[in-house]
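Before any comments, here is the structure.
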Amino acid sequence: MSDPGNYAGSADRSIGQLVASATAEMSALVHDEIALAKAEVRQDVKRGAIGSAAFIAAGVLLLFTMPMLSFAAAYWIHSSGLGLAWCFLIVAGAFILLAALIGFIGLRKFKKIKPPEKSIASAKQTAAVLQKAKPHPRPSIAADAIIERSGSSLAKKSVESGSAEDAGKGRADAVARSST
């Protein structure tokens, strides 16, 4: 599938490849965390929508059906011999109880909404790992090897000359230090 020499532990990879690999992995981690948070929020939005729909249904029920059903129920109760005013109060109380029941159902749905706990825990865990991460010490590389890798003819001449050897190594050491 993939070349075993391209893993992070391989000594063949350059610093640029390692940085690119680490950047790609961090990007993938961030994208996965965002996807997890979206999934959790989407589920809570559905619960919130159901709760909102229940509250809206309770409001619509009270608003539109109250006058019609109130008159019908009050006159039906009045046919049993009770006073008309008491009949209207009984019907109004029944509608208030029905609205309270529907409101209670909506409130229960809203209480089930939770923060995205999995995303928060995963983000905290990632942050803890990144805080503990320390750069690994790099092995020191001889100045001659750095000069040979760079391909600089001026640096090679200074290394080959006996008196300028210290100056060439000093420059090569500075190059080695600046590349770390």
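Data for the structure
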{"item": "Of LYS46/LYS118; LYS112/LYS132; LYS111/LYS132, pairs whose Cα-Cα distance is over 27 Å", "result": "LYS112/LYS132; LYS111/LYS132"}
{"item": "Loop sites in the range 92-137: chymotrypsin sites (Phe, Trp or Tyr not before Pro), DSSP, at most 16 other Cβ within 10 Å", "result": "none"}
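Quick note: the coordinates plus some simple rules give every number you see, no bench work behind them. Because the structure is predicted, anything quoted here is derived from the model rather than measured. So basically every Cβ, Gly included, is an ideal-geometry build from the backbone, and we count neighbours across all protein chains shown.
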